1. Please indicate, with yes or no, whether at least one residue in segment 238-253 is of a type in the set (Gly, Ala, Ser), more than 24 Å from the chain's Cα centre (by Cα) and open to solvent by 70 Å² or more (accessible area, probe 1.4 Å).
2. Being open to solvent by less than 30 Å² (accessible area, probe 1.4 Å), of a type in the set (Val, Ile, Thr) and either closer than 21 Å to PRO115 by Cα or without any contact (Cβ under 8 Å) to a residue 40 or more places away in the chain (or both) is the filter here; which residues of segment 278-303 pass it?
3. Exactly one condition in (1) of a type in the set (Val, Ile, Thr); (2) within 20 Å of ILE195 (Cβ to Cβ); (3) in contact with a Pro (Cβ under 9 Å, 6 or more places away or on another chain); (4) free of Cβ contacts under 8 Å to residues at least 40 places away in the same chain is false for VAL26; which is it?
4. Need pairs with beta-carbon distance below 9 Å; first residue without any contact (Cβ under 8 Å) to a residue 60 or more places away in the chain and within segment 228-243, second among the charged types (D, E, K, R) and surrounded by 14 or more Cβ atoms within 10 Å (Cβ to Cβ); sequence gap 6+ or separate chains.
5. Which of the following residues is of a type outside the set (Ser, Thr, Tyr), more than 28 Å from ALA21 (Cα to Cα) and more than 18 Å from the chain's Cα centre (by Cα): ALA97, ALA120, ALA133, ALA112?
6. Hey, could you check segment 1-14 for residues that are buried (at least 23 other Cβ atoms within 10 Å of the Cβ) and among the aliphatic types (A, V, I, L, M) and say which is farthest from GLU207 (Cα to Cα)?
7. Can you find a residue that is buried (at least 20 other Cβ atoms within 10 Å of the Cβ) and out of contact with any strand residue (DSSP E or B) (no Cβ under 8 Å at 6 or more places or on another chain) anywhere in segment 207-214?
8. Just wondering, is there one or more residues in segment 35-53 that are of a type in the set (A, V, I, L, M, F, W, C), open to solvent by less than 30 Å² (accessible area, probe 1.4 Å) and within 23 Å of TYR157 (Cα to Cα)?
Amino acid sequence: MRVLVTGGTGYLGRAVVAALAAAGHVPVVYARTAADAGLPGDAVAGDIRDEAALARAAASCAAICHMAALVSLWRPRPADFDEVNVGGLEAVLRAAARAGAPKIVYTSSFLALPPRGRAAPLEANDYQRTKVAAERVAADAAREGRPVVRLYPGVIYGPGAATEGNLVGRLVRDHLAGRLPGVIGADRPWSYAWIDDVARAHVAAVERAAPGTRYVLGGDNVPQMAIFARVRDLTGRPLPRRIPFALAHAAGVVEEARARLTGRPPLLTRGAVRIFREDWSLDSADAVRDLGFRVRPVGEGVAGLLASL
């Protein structure tokens with residue numbers, strides 16, 4: 001089938017496009033740089049906020065993987081997050097309605113869910129705030145009977161460019177190069193999901209997930225320092241130092257003030273520190289059962305990541 005992939009040139013988007021093509025589908029890659037990305041399938045250049053272009057791209061598709069998102073620690077114009085992360089989903093829903101209501105597989109984020117031990121999600125920064133808001137839009141659409149499937153990837157890692165969507169890869173590269181100052185919340189659990197496993201689960205969701213369902217695509221639930229312990233075991237590089245929360249909070253205050261004065265992105269924010277305080281363990285049992293999702297051990301994944309470097 002023809003599957004529109006918004007944000008198909010992003011870190012996870014590229015992997016999903018490749019997985020769709022490998023499964024025999026025809027991906028329609030929709031992004032501003034789609035024509036130059038060298039990805040399989042058809043390329044349509046367009047911004048997620050351009051509803052006319054989006055409608056044309058969706059017209060011949062049987063499904064839409066909506067993955068376009070603004071993933072960033074900070075922007076000088078917070079409304080950018082609202083326009084892309086919330087408005088983009090709303091635009092996809094309208095385009096799908098005009099195209100005859102193809103299935104929509106919406107890629108949300110684990111940050112749109114409550115951390116373990118809390119009843120409500122956090123809204124610690126503009127990215128998380130708008131992913132929580134978009135989750136409400138997707139949930140409303142599902143309740144209205146729209147063919148929406150929601151996916152919540154954990155911390156995605158693996159080979160690929162060191163972008164903000166590949167945080168683990170960037171941290172490991174910095175650590176190996178001696179550029180990583182330390183780790184905040186080293187003992188807090190996160191759910192680490194190998195990128196190809198997440199991509200294949202997207203294909204399974206396109207093919208067989210029932211409308212209205214939702215699946216967590218987490219991974220191995222381990223403390224953040226477990227990543228670097230595995231790096232140490234494989235390379236001999238000592239563990240990074242642990243940065244206390246109080247020091248990290250103070251650094252966030254300074255960095256935010258610098259960003260306001262200079263317009264350059266901060267290296268750390270108070271919102272990020274708040275997120276690092278939480279337990280982000282995830283339960284992916286439903287995705288394992290229904291989508292064939294694999295929870296890859298971190299030890300295996302980090303070995304693969306290092307091999308790719």
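The values are calculated or read from the model by the stated rules, or taken from the named source; none is laboratory data. Note that the coordinates shown come from a computational prediction; the quantities given were computed from them, not determined experimentally. Heads up, the Cβs are rebuilt from the backbone with ideal geometry, glycines too, and the neighbour counts pull from every protein chain shown. Just the protein is used for accessible areas: all its heavy atoms, side chains included, with ligands, DNA and RNA removed. Shrake-Rupley method; radii C 1.70, N 1.55, O 1.52, S 1.80 Å.
1. Yes; the residues of segment 238-253 include at least one that is of a type in the set (Gly, Ala, Ser), more than 24 Å from the chain's Cα centre (by Cα) and open to solvent by 70 Å² or more (accessible area, probe 1.4 Å).
2. Listed by number, the list holds a single entry, VAL298.
3. (2)
4. PHE228/ARG237; PRO238/ARG232; LEU239/ARG232
5. Details: ALA97 fails: more than 28 Å from ALA21 (Cα to Cα); ALA133 fails: more than 18 Å from the chain's Cα centre (by Cα); ALA112 fails: more than 18 Å from the chain's Cα centre (by Cα).
Result: ALA120 is the single residue among ALA97, ALA120, ALA133, ALA112 that is of a type outside the set (Ser, Thr, Tyr), more than 28 Å from ALA21 (Cα to Cα) and more than 18 Å from the chain's Cα centre (by Cα).
6. LEU12
7. No, every residue in segment 207-214 fails to be buried (at least 20 other Cβ atoms within 10 Å of the Cβ) and out of contact with any strand residue (DSSP E or B) (no Cβ under 8 Å at 6 or more places or on another chain).
8. Filtering segment 35-53 down to residues of a type in the set (A, V, I, L, M, F, W, C) leaves 35, 37, 39, 43-45, 48, 52-53.
When the remaining residues are screened for being open to solvent by less than 30 Å² (accessible area, probe 1.4 Å), the result is 37, 48, 53.
From what is left, the residues that are within 23 Å of TYR157 (Cα to Cα) are 37.
The answer is yes, given that some residue of segment 35-53 is of a type in the set (A, V, I, L, M, F, W, C), open to solvent by less than 30 Å² (accessible area, probe 1.4 Å) and within 23 Å of TYR157 (Cα to Cα).
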